[in-house]
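In what follows, a single structure is set out as structure tokens and then discussed.
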Amino acid sequence: MGRGKIEIKKIENPTNRQVTYSKRRAGIMKKARELTVLCDAEVSLVMFSSTGKFSEYCSPSSETKKLFDRYQQVSGINLWTAQYEKMQNTLNHLKEINHKLRREVRRQRTGEDLEGLDIKELRGLEQNMDEALKMVRNRKYHVISTQTDTYKKKLKNSRETHRNLMRELEFADERPVFGYVNDDSSYEGALALAHDGAHQMYAFRVQPSQPNLHEMGYTSHDLRLA
């Protein structure tokens, strides 16, 4: 005997309705897989039961979003604009709520708008302020400690630089100082090498040996070491 035809209408019994949905969902999923394999078709199937249970099938060679994008191009229906606007409105509403709450908390922490709070809320506010004060104090001490360490390092570097400069100055005082002096009584000119604390000068005469230098009028020069 053949199976009798089932009248297509809503099944009133919730249990029978759920059983029928589960059986037919498995059947349509099977047909979708067969279409994908036999006909090389791209299939995307999305189902929600009356209880809100979600079921989905998509061809292995594709993605649901790509198929939805192709559907938009073919049908000219924009699937995402309405959803984006809804999400944007929700975001703006949440931002407004957050702004109001932050402003209310700020006013309460400054001692305003406390009339409507009961003893439990006041204790919670007091505890929150104590914790906030502790965090601020710890942060302040950390900043002070960091700045102190930085200044100590700068002071140490400055002292080290000062010591290096003083050593360079002491070493410079021990170096001979060269200078050009005139002494008409002995020479036309001399290159003098002087040293602090020296009381004697040693002269080294440099006599040009080239005849052409004598003809050009060059005279003798001395190198003096003091």
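The values are calculated or read from the model by the stated rules, or taken from the named source; none is laboratory data. None of the values given here were measured: they were computed from a predicted structure. So basically every Cβ, Gly included, is an ideal-geometry build from the backbone, and we count neighbours across all protein chains shown.
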If His142 meets every condition in (1) over 26 Å from the mean Cα position of the chain (by Cα); (2) surrounded by 10 or more Cβ atoms within 10 Å (Cβ to Cβ) apart from one, which number is that one? (1)
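Here is a yes/no grid of residues against (1) outside the structural domain of Leu133 (by TED's automatic domain parsing); (2) of a type in the set (Gly, Ala, Ser); (3) over 30 Å from Leu125 (Cβ atoms); (4) part of a helix (DSSP H, G or I):
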| site | (1), (2), (3), (4) |
| --- | --- |
| Arg25 | yes, no, yes, yes |
| Thr51 | yes, no, yes, no |
| Pro60 | yes, no, yes, no |
| Leu67 | yes, no, yes, yes |
| Arg103 | yes, no, no, yes |
| Glu112 | yes, no, no, no |
Check the range 71-85 and report whether any residue there is in contact with a strand residue (DSSP E or B) (Cβ under 8 Å, 6 or more places away or on another chain), closer than 30 Å to Ile28 by Cα and either outside the structural domain of Met29 (by TED's automatic domain parsing) or part of a loop (DSSP other than H, G, I, E, B) (or both). no
Sole exception among (1) outside any loop (DSSP other than H, G, I, E, B); (2) over 30 Å from Asp113 (Cβ atoms) for Ile8, by number: (1)
Any chance Ser44 is surrounded by 10 or more Cβ atoms within 10 Å (Cβ to Cβ) and within 30 Å of Trp80 (Cβ to Cβ): yes
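Yes or no, residue by residue, for (1) surrounded by 10 or more Cβ atoms within 10 Å (Cβ to Cβ); (2) among the polar types (S, T, N, Q); (3) closer than 30 Å to Glu131 by Cβ:
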residue	(1), (2), (3)
Ser22	yes, yes, no
Lys30	yes, no, no
Ser49	yes, yes, no
Ser75	no, yes, no
Glu85	yes, no, no
Leu94	yes, no, yes
Gln108	yes, yes, yes
